[in-house]
Every structure is written in C-alpha cells, then in structure tokens.
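S.K.: Here it is: the structure, laid out below.
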Amino acid sequence: MPKEQNGPLRLDGDGKPLWLSLELTYRCPLKCSWCNNPLDFEDYSANELSTEEWKQVLRDARAIGALQLGFTGGEPLMRDDLEELVAYADSIGFYTNLITSGIGLTEERLLALKAAGLKQIQLSLQAIRSELTDELVGARAHALKLEAARLIKAHDFPMVLNMPVTRQNIGEIDDMLAFASGLGIEYIELANVQYYNWALLNRDELMPTLEEIRAAEAVVKRWRERLGDDGMTIYFVIPDYYEGRPKACMNGWGAIHLTLAPDGVAMPCQEARVIPGLDFHSVREQSLSWIWHESPLFRLYRGDDWMQEPCRSCGEREKDFGGCRCQAFLLTGDASNTDPACSRSPHHALVREATAIASRPMRFHKPLVKRSAASVSTAFMGKDA
C-alpha cells in the first residue's frame, strides 16, 4: 500500500485493479432484506450502460491490468446482452464469473454462457427449506434455485454456493453443507450478512447471537474434518461485529478492487456511494485509467496518511487499513473514523449495543423490511422519526 498519497502508486496488486466487479443492473426479481444495492435502486434502471459502453469498460480495465471479472447486479441475467458481454470479456483475456440468484438461468442460457466462455458461477441459496428461502427473498424462488444448482453442476461448471447467513437460517448450515456436498459443489461460502443499506435497516432482526455463531462454527469444523483436504472448500465468514477487529474492506480502499455501477460510476467498493460529499466519476466522463490512478476518490483512503487515532499509531493498520470506510460513516457519521467494529475504536460501544440487542432473551421480532421501491420512503421515514 502507498505510504504517501501524492507519491508513486504502490498497491497490493502492483498498482492494478486485479478484481473487476461489473454491476450490470440493479434490477432483480427478489426482495432480499439484506441487499447491498442502493436504496434508490430503481433510479438507475433508465441510465444503464449500453452493450458497447460495457465493452469499452472491459477493454479499458484490461489495459490497466484487471484479470478477474464478476458479472453481478442486481440480477445480471436480467440483461439480454449478458452472453455477448461474457464472450467479449473472455476474448480479451478475463477469467469470468457469474454471480447470480439463479432466477432466469435456464438450460438454454446456461449452454449459451458456457459457449461464450464463462468460467465459474456463484449461486446464492438462502435455506434448505423452501418456505424459508421464499420468505427471506420475498418470492417463490427456492425450486428455481435448486434447479439452477442442478443445471450448473450437470454442465460441469466450477461452482460457488453462497449462503447469506442470518438469524433466520443459521440453524440450516448443517443441512446446507450436506446438500452442497451431495451435489458435488466445489466451494461453499457461508457469509454472515454485513450490515449496510437494507441489512442495516433490518440489523436487529437479521443478526444471530454469538452463541449461534459459535454453534455454526462447530458444525463447519465437523464438516471440514469429515471432508478432508480434498473435499469441498468451506468458507465461513464471521460478522466483524463479533470479532473485535474489522475486516480489511476490499483488501484496502482502491487497492485491488474496482466496481462499476450500472450507470458507469466507478467505485472502490460497492457501498461507497453511501458516503456523502465524495466526487464520483463515470466512465462516460473520464477514462477508467484516470479514475483508478488519479481520481481524488480512489486516492482518498489509500495508504494510511488519512488515518486518525487510534488507527494512525496502531500496529495493525496495514492489516485492516482501519476497517470499512462505509461502515464507519454509517455508524458514526464520519468515514475517516476507525471502523466501530474494532474494539479499539472510541465508537465501539455502537457495535456492542447492536450485539447486546441480538442476545436479548426476550427479543421482540418485527417483520423484515423487503427490498422494494415501496419500502424506501416508509421504512426510512420510520427509522429517522
């Protein structure tokens, strides 16, 4: 990471955005209550980049060293040109991944994506019980997801199964691992939800207790021992609210990760737009090379010159880079503060309070607020009241 923001650019990826995330659209048939897409997602639909604009993005990203690419959203299958974009990305040397809910992944489209050169698929599945999956995503989706998983493996794609872990489904991890192992899935990611946007709105309802997380860890440990080194790889991502240290957000702000929103705005992470006052640039206005190397946005939190105490004098500052800038803003109102997930943060009490709510024995549960345009004004007016 660079020591001087105005000096030579030296990043973990040798100055390159190794991982490129293309958010092709924020449109999605699901209404997940932990969605990371913007709360005003419908405002972006009319301004999505065209096929040719996305191809220019791909060329420019390769020119500055991007190697691996995730087509995501929203639901990327809602773009009719997905196969064309996958083929073009493959032709210029990208390793391509599709990150999908599985809704709309017919066998015809899957074969077309394979012919286009798609290398890997990450599929989300929220639960083993159909009624729970459908409840969590706000749609009758479970059967479609199971069929998508079957098709993906039937056509020999390397597959990552992603289970977003919440209080509602943490007890299904054992069954989920059995399902994944039986289907021959290579990787499974049990990712405890991170609390941004819709997830932050629903945090009190979504967050498991520490005891539930420890029980889930024990289940994962047993499965790892059962499968051995040659079996399915299991990732278990613990929420940093319980870890005492924040995660290194995207391996450092503007270090190796570059996200492009549907309207062409470039971001150092998918949540960066929650921070007000930042000067964002679209690839329609500036070159991707300039945005990555020179823009004030991407240089803002690189390195450690921007850090306040206690991060500035902390021996772990080059390990977690002060944590997540977006989480720092959402919880404290100042993106330059130490991430409150860190036990050394002067704002750590905010995280302790949230985990205490999760652990209350007589916890009162409210209905989850589903991601939808109708929910935006009512839910957030209520929260601010």
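S.K.: Determine which member of the set Glu294, Glu318 is in contact (Cβ under 8 Å) with a residue 12 or more places away in the chain and among the acidic types (Asp, Glu).
M.R.: Of Glu294, Glu318, the one residue that is in contact (Cβ under 8 Å) with a residue 12 or more places away in the chain and among the acidic types (Asp, Glu) is Glu318.
S.K.: Give region 285-314 a look and list any residue that's of a type outside the set (Phe, Trp, Tyr), touching a helix residue (DSSP H, G or I) at 6+ places or on another chain (Cβ under 7 Å) and modelled with pLDDT of 95 or more, or say none. Before you say what the answer is, go through the steps one by one.
M.R.: Just the residues of region 285-314 that are of a type outside the set (Phe, Trp, Tyr), to begin with: 285-289, 291, 293-297, 299-300, 302-305, 307-314.
Keeping just the survivors that are touching a helix residue (DSSP H, G or I) at 6+ places or on another chain (Cβ under 7 Å) gives 287-289, 291, 304, 307, 311.
Residues satisfying the conditions are Ser287, Leu288, Ser289, Ile291.
S.K.: So Ile152 ticks every box in (1) surrounded by fewer than 17 Cβ atoms within 10 Å (Cβ to Cβ); (2) more than 22 Å from Val369 (Cβ to Cβ) but one. Which box is left unticked?
M.R.: Tallying (1) surrounded by fewer than 17 Cβ atoms within 10 Å (Cβ to Cβ); (2) more than 22 Å from Val369 (Cβ to Cβ), Ile152 fails exactly one: (1).
S.K.: May I ask you to say which residue of Gly93, Gly13 is more than 27 Å from Thr133 (Cβ to Cβ), at pLDDT 95 or above and assigned to a loop (DSSP other than H, G, I, E, B)?
M.R.: After ruling out the rest, the residue left standing is Gly93.
S.K.: Could we say that Val86 is touching a residue at least 40 places away in the same chain (Cβ under 8 Å), in contact with a Gly (Cβ under 8 Å, 6 or more places away or on another chain), open to solvent by less than 10 Å² (accessible area, probe 1.4 Å) and assigned to a helix (DSSP H, G or I) here? Write out each step before concluding.
M.R.: Working: touching a residue at least 40 places away in the same chain (Cβ under 8 Å): no; in contact with a Gly (Cβ under 8 Å, 6 or more places away or on another chain): yes; open to solvent by less than 10 Å² (accessible area, probe 1.4 Å): yes; assigned to a helix (DSSP H, G or I): yes.
Criteria not met by Val86.
S.K.: On the basis of being open to solvent by less than 60 Å² (accessible area, probe 1.4 Å), in contact with an Asp or Glu (Cβ under 9 Å, 6 or more places away or on another chain), in contact (Cβ under 8 Å) with a residue 24 or more places away in the chain and farther than 30 Å from Gly65 by Cβ, does Val351 make the cut?
M.R.: yes
S.K.: Does region 218-240 contain any residue that is of a type in the set (Val, Ile, Thr), more than 19 Å from the chain's Cα centre (by Cα) and assigned to a helix (DSSP H, G or I)?
M.R.: yes
Residue-by-condition table, conditions (1) hydroxyl-bearing (Ser, Thr, Tyr); (2) out of contact with any Asp or Glu (no Cβ under 8 Å at 6 or more places or on another chain); (3) more than 17 Å from Ile64 (Cα to Cα); (4) surrounded by fewer than 24 Cβ atoms within 10 Å (Cβ to Cβ):
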site: Val237; (1), (2), (3), (4): no, no, yes, yes
site: Gly254; (1), (2), (3), (4): no, yes, no, no
site: Gln270; (1), (2), (3), (4): no, no, yes, yes
site: Ile275; (1), (2), (3), (4): no, yes, yes, yes
site: Asp279; (1), (2), (3), (4): no, yes, yes, yes
site: Val283; (1), (2), (3), (4): no, no, no, yes
site: Gln286; (1), (2), (3), (4): no, yes, no, yes
site: Trp290; (1), (2), (3), (4): no, yes, no, yes
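S.K.: Quick one: in region 308-325, which of the residues that are among the acidic types (Asp, Glu) and either assigned to a helix (DSSP H, G or I) or under 25 Å from the mean Cα position of the chain (by Cα) (or both) is surrounded by the most Cβ atoms within 10 Å (Cβ to Cβ)? Talk me through it step by step, then tell me what you get.
M.R.: Let us first name the residues in region 308-325 that are among the acidic types (Asp, Glu), namely 309, 316, 318, 320.
Still in the running and either assigned to a helix (DSSP H, G or I) or under 25 Å from the mean Cα position of the chain (by Cα) (or both): 316, 318, 320.
Values: Glu316: 14, Glu318: 13, Asp320: 21.
Applying the filter and picking the extreme gives Asp320.
S.K.: When residues of region 292-307 are filtered for being outside any helix (DSSP H, G or I) and open to solvent by 70 Å² or more (accessible area, probe 1.4 Å), how many remain? So that I can check it myself, show each step before the final result.
M.R.: First, the residues of region 292-307 that are outside any helix (DSSP H, G or I): 294-295, 300-307.
Adding the requirement that they be open to solvent by 70 Å² or more (accessible area, probe 1.4 Å) leaves 294.
Number satisfying all stated conditions: 1.
S.K.: Restricted to region 157-192, and to residues that are open to solvent by 10 Å² or more (accessible area, probe 1.4 Å) and part of a loop (DSSP other than H, G, I, E, B), which residue is farthest from Ala218 (Cα to Cα)?
M.R.: Pro158
S.K.: Output the qualifying pairs, or none if there are none: Cβ atoms under 6 angstrom, residues six or more apart or on different chains, first residue in region 15-27 and within 22 Å of Arg79 (Cβ to Cβ), second residue among the acidic types (Asp, Glu).
M.R.: Final answer for the pair search is Thr25/Glu48.
S.K.: Of Arg214, Arg224, Arg203, which residue is surrounded by 15 or more Cβ atoms within 10 Å (Cβ to Cβ), free of Cβ contacts under 8 Å to residues at least 12 places away in the same chain and out of contact with any Pro (no Cβ under 9 Å at 6 or more places or on another chain)?
M.R.: Arg224
S.K.: How about region 16-69: which of its residues are outside any loop (DSSP other than H, G, I, E, B), closer than 22 Å to Cys326 by Cβ and either touching a Gly at 6+ places or on another chain (Cβ under 8 Å) or at pLDDT 95 or above (or both)?
M.R.: Of the residues in region 16-69, the ones outside any loop (DSSP other than H, G, I, E, B) are 19-23, 41-47, 51-63, 68-69.
Restricting the remaining residues to those that are closer than 22 Å to Cys326 by Cβ gives 19-23, 41-44.
The answer is Trp19, Leu20, Ser21, Leu22, Glu23, Phe41.
The values are calculated or read from the model by the stated rules, or taken from the named source; none is laboratory data. Model, not experiment: these values are computed from the prediction. All Cβ positions, even for glycine, are placed from backbone atoms using ideal geometry, and neighbour counts span all protein chains on display. Heads up: the accessible areas ignore ligands, DNA and RNA and are worked out on the full protein's heavy atoms, side chains in. Shrake-Rupley method; radii C 1.70, N 1.55, O 1.52, S 1.80 Å.
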